[in-house]
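Have a look at the structure below before the remarks.
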Amino acid sequence: MAELPQLFMRLPSLALAYPTDDPSEQATPDDALGIAAVLTEAFEEPWEVERVRRELGPADGVDATYVVRDDGRVVAVASARHLPEQYPQAGYLHYVGAYRAEAGRGLGGLVTWAVLKHFRDEGLGSAVLETDDFRLPAIRTYLKIGFVPEYRHPQDQSRWSRIFPLVLGRRQSPAARSDG
């Protein structure tokens, strides 16, 4: 069976009430090692400083990366990416991650808000992202912020029908669990 594409979500408007107590800050080149460590754990694949510089840099459409620090250590990260040919007037929320030990602190949401504010300040009207079905805490955060799913694959409706009860705290009916 072919691997399914990532789920796609869109935030239709960046005209939102942004948190006022956001500890996120724009990353500096000195943060590359800390960012690599967070992304290695968050995505369960190796990230090195060179990969951070390559994939979170201007050559890949990323013009800002935001981090949250705890005692000087990077504990969460998200990047602001622009893909104007694919998503005109929309920013692309890219590589959001936090250490698992920090779960429950809302750090992924904090760096997400920082990126969304960045997009708004740049004059963009909306934001998009791609994510995996199993990233339930992230999906829950995106839904709370106002992102909505866009069905782009024939199986997306059934995928979302399995995800919604899990992230919204509702039991799945037997019909929703079937692959039909």
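Here are a few things to note about the model shown:
- The residue pairs whose first member lies in the stretch 137-151 and is over 15 Å from ALA98 (Cα atoms), whose second member is among the hydroxyl-bearing types (Ser, Thr, Tyr) and buried (at least 17 other Cβ atoms within 10 Å of the Cβ), and whose beta carbons are closer than 7 Å, counting only pairs six or more residues apart or on different chains, are ILE145/THR112.
- Filter result for TYR92 (at pLDDT below 95 and crowded, with 17+ Cβ neighbours inside 10 Å): no
- Taken together, the criteria place ARG69 among residues that are more than 18 Å from ALA127 (Cα to Cα) and surrounded by 14 or more Cβ atoms within 10 Å (Cβ to Cβ).
- Candidate set: the stretch 26-85, residues that are of a type in the set (Phe, Trp, Tyr) and in contact with a helix residue (DSSP H, G or I) (Cβ under 7 Å, 6 or more places away or on another chain); chosen: the one nearest to GLY106 (Cα to Cα): TYR66
- Scanning the stretch 1-20 for residues that are part of a loop (DSSP other than H, G, I, E, B) and in contact with a strand residue (DSSP E or B) (Cβ under 9 Å, 6 or more places away or on another chain) gives PRO5, GLN6, PRO12, SER13, LEU14.
- One residue stands out in the stretch 49-89 among those that are of a type in the set (A, V, I, L, M, F, W, C) and touching a Phe, Trp or Tyr at 6+ places or on another chain (Cβ under 8 Å): the one that is farthest from ALA36 (Cα to Cα), namely LEU83.
- Of all residues in the stretch 111-136 being over 17 Å from ARG81 (Cα atoms) and surrounded by 14 or more Cβ atoms within 10 Å (Cβ to Cβ), the one that is farthest from the chain's Cα centre (by Cα): ASP133
- Complete set of residues in the stretch 95-110 that are closer than 22 Å to ARG53 by Cβ, over 10 Å from the mean Cα position of the chain (by Cα) and surrounded by 21 or more Cβ atoms within 10 Å (Cβ to Cβ): ALA98
- Close contacts from the stretch 24-44, counting a first residue that is touching a residue at least 24 places away in the same chain (Cβ under 8 Å) and surrounded by 15 or more Cβ atoms within 10 Å (Cβ to Cβ) and a second that is part of a helix (DSSP H, G or I) and of a type in the set (A, V, I, L, M), with Cβ to Cβ under 7 Å and a gap of 6+ residues or different chains, come to SER24/LEU110; SER24/VAL111; SER24/ALA114; ALA27/ILE35; ILE35/VAL52.
- Helices (runs of 4 or more DSSP H) contained in the stretch 71-180 and holding at least 3 residues farther than 23 Å from LEU56 by Cβ: 136-145, 156-168, 174-177
- Residues satisfying the criterion are present in the stretch 27-40 (criterion: outside any helix (DSSP H, G or I) and over 13 Å from the mean Cα position of the chain (by Cα)).
The values are calculated or read from the model by the stated rules, or taken from the named source; none is laboratory data. Remember, it's a predicted structure, so these values are computed and weren't measured experimentally. Don't worry about glycine lacking a Cβ; one is built from the backbone with ideal geometry, like all the others, and counts go over all protein chains shown.
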